[in-house]
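Structure first, then comments.
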Protein chains: 2
Amino acid sequence: MTANTGLPEKKRRGGGRAARVALRAAPLPEDSRPVRPGLRGGQYSPLTDAEVQRIHAAALDALEQIGLSQAPPSGIAAMTDAGAVLGEDGRLRFPRALVEDMLAKAARAFPLYGRDGRHDLDLSADRVHYGTAGAAVNVVDLATGSYRPSTAQDLYESALLAHHLDNIHFFQRTMVCCDIADLIELDLNTLYAAASGTTKHIGTSMSDIASVAPCIEMLHMIAGSEGAWRDRPFVSLSNCFVVPPMKFATESCLTMEACIRAGMPILLLSAGQAGATAPAPIAAAIVQAVAEVLAGVVYVNAVSPGHPAVFGTWPFVSDLRTGAMSGGSAEQALLTAGCAQMHRFYGIPGGAAAGMTDSKLPDMQAGWEQGITNVLAGLSGLNMVYESVGMYASLLGFSPEGMVLGNDVLGQAQRCVRGIDVTEDSVSLDVMKAVCLDGGPGHYLGSDQTLKLMQTEYLYPDIGNRMTPKDWVESGRPDLLATATARRQQILTHARPQVAADADLAIRARFPIRFGHAPSSLPTPTKRPA
Amino acid sequence: MTANTGLPEKKRRGGGRAARVALRAAPLPEDSRPVRPGLRGGQYSPLTDAEVQRIHAAALDALEQIGLSQAPPSGIAAMTDAGAVLGEDGRLRFPRALVEDMLAKAARAFPLYGRDGRHDLDLSADRVHYGTAGAAVNVVDLATGSYRPSTAQDLYESALLAHHLDNIHFFQRTMVCCDIADLIELDLNTLYAAASGTTKHIGTSMSDIASVAPCIEMLHMIAGSEGAWRDRPFVSLSNCFVVPPMKFATESCLTMEACIRAGMPILLLSAGQAGATAPAPIAAAIVQAVAEVLAGVVYVNAVSPGHPAVFGTWPFVSDLRTGAMSGGSAEQALLTAGCAQMHRFYGIPGGAAAGMTDSKLPDMQAGWEQGITNVLAGLSGLNMVYESVGMYASLLGFSPEGMVLGNDVLGQAQRCVRGIDVTEDSVSLDVMKAVCLDGGPGHYLGSDQTLKLMQTEYLYPDIGNRMTPKDWVESGRPDLLATATARRQQILTHARPQVAADADLAIRARFPIRFGHAPSSLPTPTKRPA
């Protein structure tokens, strides 16, 4: 065998099970792991190039002919200064040349920082990152099969989980803190729960423009200074700047302007729902979402040229029988992948939603819906896959155990994104000849090449079970949900707050923080109720 | 609204819920269903064109330099006549020109017939069909969570289920009839269980060359005559003509020759296992599978030029920690999709395996593994997606309820394959203008366009649940597995044998058929055991 295993000589000489066990014990360098943040997607293109052009042209027409209503005066001033036209009907219309100018000014290939530099996200090209998002108002209680209102403590614990699950690359607010009525306190706790849980990049929302100043003050305290925050802004604003179809969300636009001034990257989020607030044809829903986000690109760059803004076309799907949202449908997978292709066309970092399930529990339906939508989002080269883990009941519920299981789903999706390595080594006939010819062993078990690839090319599930039926029965038929529950407990038992103790003390003295450090009472691992 | 809904005037005038209900009650013409057999794939390409060429070149090198051992004398005679070279080491080697000649002679774009013409499969281009396959030796008993040996009766019932589940397009043997020891009786019962259950295209296996004559006699009886059989051969032979790596399976080759003479299409099946009987690098496993099946193409066309043969590169994956097979892994999804791309390159109808799960039960793992592997197989344009439904525990178990649930997975995969319709209508701004401008309603609910697309563009799950948490609780928290169990029972209660009574009598008089017509005792719907 002439394959270069790249391993130290001593290990290469060993063979068989003992060698495999020894090899597995050694930690892998980050760039040798079979999956990692920022793998290149783009192997899947639901649209032809001509179709991309057609959608682009229709979006430009929509901006020119329909435009958007309800921009705030400050936005109208900035955008008409840049060349937008305010009609007598109060709608702001965007000539094609203006959109093209602003696309030319828009920030490209910018990073989104983590507080820990190891978690920085490189949003260039078709690099793929998976993370959370959502505004669930319930936590799924697996032990009772019931939904209960989510709290700030739940949000903090979901951030801790995200911090410790490798295939989750960023953490955007998953749940609404339903235990906090005051909007400013809500926004402060939402932000601080995320920052206390993880040093990965954070996305947050602001329900009230009055939250901006205290939230930014808090961020300066976490970062150590305003300068440190502005150098590496580790929180982006998830901002619904439009109310589809084709209306600016006046208040949210003002919040966005304030956050831009404070140096916070923006997620320009257009969340129409095909068949309700967006057209029913998938292509037309993409047209409308693209038009709306292009309006946002004009807005951001009119206010602050080159300010980092993620192209957040997030069209959702209606179940047209009921009008209710369906997050786990194939139509959702297509919408999201089609949007990702438009992001690639514009060359601007993009985000969209995938991995949501309509199921109420982590069951088989949750698996296929999360699997299909997440893998297509990644293969389409979506830079930021939001909502990708833990979101149940069409975004109404968050499941911590579902997040632990979803980490396995994301691993599989990322392994697909990584793709097939076709290299000199990987298609060389040397190994095949050594196995087949001249009294070779007739199989590849234990070959150096097999040993080498075991850890770097093959991904193993954390919770997923690959036992034979016999081993499975002898192990007492381990239940997937019980295993996930135990894993959640294990993570939360050992997890530590991610804000330094002195900063934490100062922040808790300054702001009304409504959650504690200790994980809430954890259930003992249990099977799903019958 | 100016969109042409294509509906009769009377229905167009109606609006709202009543109209939607009326519309849903009307059956859709087959070609208006949101999904159907033969949708065009190919939107996903894990390999670049250069990588495809490189794998092709390596496969030709392997055939020329390594070749295959253990061909039977008749095969050696046919292939050396055509230009293959028998070495002193007993290996048959294939000059590049020979392979290219035989590729030129190979049948392309042939159909695989159903007994009912509505189920004919058009294997041209990248048309995608999903179906079953496997040699499971266990049935999963959901009521007890245990595995028990599979029987001829189980096989018959799985064929009945496949017949009544729309997203399953063909039925290849799913299970081994473990209650039949005699190999010829086994093959006869395997074939007849499938034919009794479905008029969709059937794939079968033959364990003994002595089975060929009686099986063909039975097929003539089912068809009505030898001529009727040869006109529309509705059964193909799933034939493991190679034992990877790079050896012919001597006995199976003889069976293949006999079936070719009897007019039966062949599935040229190379089922290596990466890391065990195939190289560990995914690319190299594809090289070996392609080389082996190209040898099969030479074989078939040397014996009978232009005989229909499916390019059956079925490489499986080893979990390299244990050597055991992993059917549900991302690596499997990549192997299968890569093979499909090679089939497209050769322009020969191809088949491979997807949709297998390593899980023991229809749980969340089963969902994500089946979802990811099936959707990528379809998007890669695989003509025949084998093993796509019902296969558990890395092919060791078959679950009837899993098959019912899998039908939903296949529906979602097929909806993804169908893709995004970008047409004049679907990107027209007329509907958007009517909604947004001049006092329009500001939403798309109840628009003619939405109503029109409700049935033709949006697919609804059969078992999957899209209720809100509130409705779900009020409905008693319906359990996915209980719903699937009830659906299985409903289908089997109403299903009828698919061989006419007189032919059935004659066949049962002539051959030792070991299963009855009535479905076996069906369990009452039950929840999964705690």
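Along Cα→Cβ at 7 Å, what distances in nm separate the B:Pro512 label point from those on the other copies, shortest first?
So the label point of B:Pro512 gives 8.3 nm to the other copies.
Hey, fewest Cβ within 10 Å first, where do A:Lys470, A:Lys452 land in order?
Sorted ascending by nearby Cβ count, the order is A:Lys470, A:Lys452.
With angles folded into 0 to 90 degrees, how steeply does helix A:16-25 sit against the dominant principal axis of chain A? Use alpha carbons for both and round to 10.
Around 30 degrees separate the two axes.
From the phi angles alone, apply the Karplus equation (6.51, -1.76, 1.60; θ = phi - 60°) to the stretch A:430-441 and give each ³J(HN,Hα) in whole Hz, x where the residue is Gly or Pro.
So the Karplus estimates, Gly and Pro as x, are 4, 5, 4, 5, 5, 7, 8, 9, 6, x, x, x Hz.
What fraction of the DSSP beta bridges in chain A is antiparallel, stated in percent and rounded to the nearest 5?
Around 35 percent antiparallel, to the nearest 5.
List, in order, the whole-Hz ³J(HN,Hα) value for each residue of the stretch B:54-69 obtained from phi through the Karplus relation with A = 6.51, B = -1.76, C = 1.60 and θ = phi - 60°; use x for Gly and Pro.
Coupling constants for the stretch B:54-69: 5, 5, 4, 4, 5, 5, 5, 4, 4, 5, 7, 9, 9, x, 10, 9 Hz.
So how compact is chain B: Cα radius of gyration and Dmax in angstrom?
Radius of gyration, then largest Cα-Cα span, for chain B: 24.4, 86 Å.
Among A:Leu165, A:Leu395, B:Leu405, which comes first, second and so on when ranked by fewest other beta-carbon atoms within 10 Å?
Going from least to most buried by this count: A:Leu395, A:Leu165, B:Leu405.
What gaps in nm, shortest first, separate B:Thr250 from its twins in the other copies when you place the label 7 Å past Cα toward the beta carbon?
Values, ascending and in nm: 8.8.
Treating cross-link reach as a plain straight distance, find the aspartates and glutamates whose alpha-carbon is under 19 Å from the alpha-carbon of B:Lys470, omitting any fewer than eight places away in the same chain.
Candidates past the 8-residue exclusion: A:Asp141, A:Asp319, A:Asp358, A:Asp363, B:Asp479.
For the rotation that superimposes chain A on chain B, which residue of A has the C-beta lying nearest to the axis, and at what distance in Å?
Of all Cβ atoms in chain A, the one nearest the axis gives A:Gly367, 1.
Expressed as an acute angle from 0 to 90° and rounded to the nearest 10, what is the orientation of the C-alpha long axis of helix B:212-223 relative to the principal long axis of chain B?
30 degrees
For A:Lys433, give me every one of the aspartates and glutamates with a C-alpha distance below 20 angstrom, ignoring sequence neighbours fewer than eight places off in its own chain.
Hits, sequence-local ones excluded: A:Glu424, A:Asp425, A:Asp448, B:Asp61, B:Glu64, B:Glu88, B:Asp89, B:Glu292.
Once you list every other residue whose beta carbon is under 9 Å from the beta carbon of B:Cys436, what net charge do they have if Lys and Arg are +1 and Asp and Glu are -1?
On the way: positive: A:Arg91, A:Lys247, B:Lys433; negative: B:Asp438.
That works out to +2.
Out of residues 5 or more away from A:Gly312 or on other chains, whose amide H comes under 5 Å of its own, with H placed 1.01 Å from N in the peptide plane?
Those lying under 5 Å, H to H, from A:Gly312 are A:Leu268, A:Ser270, A:Gly351.
How large is log10 of I(q)/I(0) for the protein assembly as shown at q = 0.05, 0.08, 0.09 Å⁻¹ when the intensity is taken from the Debye formula with one equal scatterer per alpha-carbon?
Reported log10 I(q)/I(0), two decimals: -0.32, -0.81, -1.01.
I'd like the trypsin sites (Lys or Arg not before Pro) in the stretch B:309-366 restricted to DSSP loop residues with at most 13 other Cβ atoms within 10 Å, sorted by number.
On the way: sites: B:Arg321, B:Arg344, B:Lys360; in loops: B:Arg321, B:Lys360.
Passing both the DSSP loop test and the Cβ count: no residue.
When only C-alpha pairs under 8 Å and at least 6 residues apart count, what is the relative contact order of chain B, in percent?
It comes to 20 percent, rounded to a whole number.
Setting aside same-chain residues fewer than 8 positions from B:Lys200, which aspartates and glutamates have a Cα under 15 Å from its Cα?
B:Asp116, B:Asp120, B:Asp122, B:Glu157, B:Asp166
Looking at the stretch A:244-394, what % of the alpha carbon pairs are farther apart than 20 Å? Present the calculation step by step, with values, prior to reporting the outcome.
On the way: 5347 of 11325 pairs.
For the stretch A:244-394, the fraction of Cα-Cα distances above 20 Å is 47 percent.
Could you pull the copy-to-copy label distances for B:Thr423, with points set 7 Å along Cα to Cβ, in nm to one decimal and sorted shortest first?
So the distances to the same position in the other copies read 4.7 nm.
For the stretch A:49-103, give the magnitude of the charge dipole about the Cα centre (Cβ charges: +1 Lys/Arg, -1 Asp/Glu; no others), in debye to the nearest 20.
120 debye
With angles folded into 0 to 90 degrees, how steeply does helix A:250-261 sit against the dominant principal axis of chain A? Use alpha carbons for both and round to 10.
It works out to around 70 degrees.
Tabulate in residue order the Karplus-calculated ³J(HN,Hα) for the stretch B:481-487, using 6.51 cos²θ - 1.76 cosθ + 1.60 with θ = phi - 60°, rounded to whole Hz; enter x for Gly and Pro.
Coupling constants for the stretch B:481-487: 6, 5, 5, 5, 5, 5, 5 Hz.
Computed from the coordinates by the stated procedures, all read-outs in this text should not be read as laboratory data. Keep in mind the model is a prediction, meaning the values are calculated, not measured. When we count neighbours, we look across all protein chains shown, and the Cβ atoms used for this are built from the backbone with ideal geometry, even at glycine.
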